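Please read the structure below before turning to the comments.
The values are calculated or read from the model by the stated rules, or taken from the named source; none is laboratory data. Here the structure is a predicted model, which is why all the values come from computation and not from measurement. Note: ideal-geometry Cβ built from the backbone for every residue, glycine included; neighbour counts use all protein chains shown. Please note that ligands, DNA and RNA were not included when accessible areas were found on the heavy atoms of the full protein model with its side chains. Shrake-Rupley method; radii C 1.70, N 1.55, O 1.52, S 1.80 Å.
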Amino acid sequence: VGAAIVSLDWMDPPEAWRWGGPDWSKHPGEGLVTGFHGIRVDARDPADIAARWGRVLGEPVERSPNGALRIRLDPNGTGANQEVTFAAAGPRGDGISGLSFLTTDRNAILERARGENLEITRNTVGFSAAGVTIELVESP
C-alpha cells in the first residue's frame, strides 16, 4: 500500500500473543500504557498513500481538526479513538514516523526514556527511538 506494510493483528485468546515470546505473560505491564492511540505515516504523496490505505482498511480518509489527512479506526467496535495520520515525508522518505499510546502516567514513562538516553521530544509529550517518535497521550 506504500509507506509501510499494513497488518491488523490480534490474538484470540489474548494470552496467545506469540510475538511477545514464550514468557511474556510472566512479566505483566505496570498499567502505564492502557492502549494504542495511533500511527503517523510520512509519504512523498500523503494524499495518494492515504487513499490507498483507506481502500485497504475500508475506511474513509478525512481531515483532522488541524488539517492533517487521517483514517479513524475502531477495530473492535468499542469506540476506540485510534487513527492513522499522513504527512509529507522529510529526507527520511516514506514510512512510519510516529506511534502514539494512551498512558496513565506520562512522566513515569518519560523518566524511563531518559534513563535509556532517548531523546525527549515536543515539550515532553514523548520520546524518539530508532527514528520513530513515540507520543504519549493521557488516558481519558
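Couple of notes before you dig in:
- Every pair of residues 6+ apart whose Cβ atoms lie under 7 Å, when the first sits in the stretch 100-114 and is open to solvent by less than 20 Å² (accessible area, probe 1.4 Å) and assigned to a helix (DSSP H, G or I) while the second is of a type in the set (A, V, I, L, M, F, W, C) and modelled with pLDDT under 90: LEU110/ILE120; LEU110/PHE127; ALA113/ILE120; ALA113/PHE127
- Identity of the residue in the stretch 80-99, among the hydrophobic types (A, V, I, L, M, F, W, C) and part of a loop (DSSP other than H, G, I, E, B), that ends up nearest to SER128 (Cα to Cα): ALA89
- Test: residue in the stretch 48-70 that is more than 18 Å from the chain's Cα centre (by Cα), surrounded by 16 or more Cβ atoms within 10 Å (Cβ to Cβ) and more than 22 Å from GLU30 (Cα to Cα): yes
- Residues in the stretch 115-140 that are touching a residue at least 40 places away in the same chain (Cβ under 8 Å) and more than 17 Å from THR85 (Cα to Cα): SER139 alone.
- Looking across the stretch 84-104, the residues that are β-branched (Val, Ile, Thr) and over 14 Å from LEU69 (Cβ atoms) come down to ILE96, THR103, THR104.
- Pairs are defined by a Cβ separation below 9 Å, a sequence spacing of at least 6 or placement on different chains, a first member in the stretch 60-71 that is closer than 13 Å to GLY38 by Cβ, and a second member that is open to solvent by less than 30 Å² (accessible area, probe 1.4 Å) and of a type in the set (Lys, Arg); the pairs so defined are SER64/ARG70.
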